[in-house]
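Have a look at the structure below before the remarks.
The values are calculated or read from the model by the stated rules, or taken from the named source; none is laboratory data. All figures in this text were calculated on a predicted structure; none of them were measured in a lab. All Cβ positions, even for glycine, are placed from backbone atoms using ideal geometry, and neighbour counts span all protein chains on display.
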Amino acid sequence: MHFDLTDLRLLVWVVDTGSITAGAEKACLSLSSASARIAGLEQEAGVGLLDRRHRGVTVTPAGRVMYDHAKIILRQTAHLSGELSEFTQGIKGHVRLLANTVALGQFLPGPLCDFLRLHPGVDIDLDEMPSLDITRAVAQGAADIGIAADHADFRGLEVLPFRADRLVLATPREHVLGQRRQVSFSEALDHEFIGLPEDSALARYIAGQASRTGKTMRIRARVRGLDNIHRMVAGGAGVAVLPIVMSVTGPDNSGVAFIPLDETWTRRQLMMVVRSRGDLPPAAKRLVDFLTATRPQAVALAAGKYRRQNPTDNVR
């Protein structure tokens, strides 16, 4: 049997989208050309790969086998191309990276800027998702690398420690909770919050914790960006749940107090996940190595500052 890489790539896109039309668009082919290629692929395989239906296509058992092998072949081809390119023009490639809100907003921008500057031939597609969705996407091959909190499902994935993360209550310094050494989340919910948009991964995580207390979280305003929330807290608009690293990296901390929350869910370890480090394309493998080798100084500074302000509180 002889299989063309273009045909295999087209099959993967058709199965992923559930449509020959959508798969053809991704492959930059006309619908008639894509249909002919799929038909030729089925003829070469000697078996039907897709069930054509009025509202799209579904993959047959034989098609699923072909799809799984096609993804492996395409991944190996990209791997080979990437490794050979290092001998000529340096490492090249495209990396799909998913991260939760805190990783995206606080821990990734600096290292990614450094990485892109060092590797001009690598492009990164970065998107925010909740941790549970991140691990699922990586497991399904929809992303190369994920940064997720340790409450996610890591079964079947390679997992590497990335950063320690702790969520705390940020209040205006003159706020009634601003001088407290510690506060429960249930007590904090008696006050008005500034929050991220509802589609934010962190907003969904915090809302889930609020629902477990039986109280309603009163949101005065929703704004994009942790720095914007920080500024609104400093201006006295409300309180917020923020990562402790913002006590160092925040835009202006003179008007904000960071109060420990007496909750186990606020202590999280962010993990970097891949399906298989050995099977990653060179660009993705290089990014994993780079991110595991870099630890922002702000993380250590924030943890030290937090311990000094709250000597009885153990930061993990």
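Exactly one condition in (1) in a strand (DSSP E or B); (2) modelled with pLDDT under 80; (3) of a type in the set (A, V, I, L, M, F, W, C) is not met by V95; state its number.
(2)
From the residues in the range 139-159 that are more than 19 Å from P111 (Cβ to Cβ) and aliphatic (A, V, I, L, M), which one is modelled with the lowest pLDDT?
Initial filter on the range 139-159 (more than 19 Å from P111 (Cβ to Cβ)): 139-142, 150-158.
Filter once more, keeping what is aliphatic (A, V, I, L, M): 139, 142, 152, 157.
Working: A139: 91, A142: 83, A152: 90, L157: 95.
Only one residue tops the list, namely A142.
Need pairs with beta-carbon distance below 9 Å; first residue farther than 15 Å from A148 by Cα and within the range 182-206, second at pLDDT below 95 and of a type in the set (F, W, Y); sequence gap 6+ or separate chains.
So the pair list comes out as F185/W265.
For the range 224-280, give me the residue count where each residue is out of contact with any Ser or Thr (no Cβ under 6 Å at 6 or more places or on another chain), farther than 17 Å from N100 by Cα, in a loop (DSSP other than H, G, I, E, B) and not assigned by TED's automatic domain parsing to the domain that holds V102.
The qualifying residues number 9.
For the range 13-34, give me each residue that is of a type outside the set (A, V, I, L, M, F, W, C), within 26 Å of the chain's Cα centre (by Cα) and under 16 Å from R53 (Cβ atoms). Even if it seems obvious, please write down each step before you answer.
As a first pass, look at the range 13-34 and keep what is of a type outside the set (A, V, I, L, M, F, W, C): 16-19, 21, 23, 25-26, 30, 32-33.
Remaining after also requiring within 26 Å of the chain's Cα centre (by Cα): 16-18, 23, 26.
Listed by number, the residues that qualify are T17, G18, G23.
From the set of residues in the range 102-129 that are over 18 Å from the mean Cα position of the chain (by Cα) and not in a helix (DSSP H, G or I), which is surrounded by the fewest Cβ atoms within 10 Å (Cβ to Cβ)?
Across the range 102-129, the extreme among qualifying residues is P120.
Please state which of the following conditions V15 fails to meet, knowing it meets all the rest: (1) in contact with a helix residue (DSSP H, G or I) (Cβ under 8 Å, 6 or more places away or on another chain); (2) loosely packed, with under 15 Cβ neighbours inside 10 Å; (3) free of Cβ contacts under 8 Å to residues at least 60 places away in the same chain.
Tallying (1) in contact with a helix residue (DSSP H, G or I) (Cβ under 8 Å, 6 or more places away or on another chain); (2) loosely packed, with under 15 Cβ neighbours inside 10 Å; (3) free of Cβ contacts under 8 Å to residues at least 60 places away in the same chain, V15 fails exactly one: (2).
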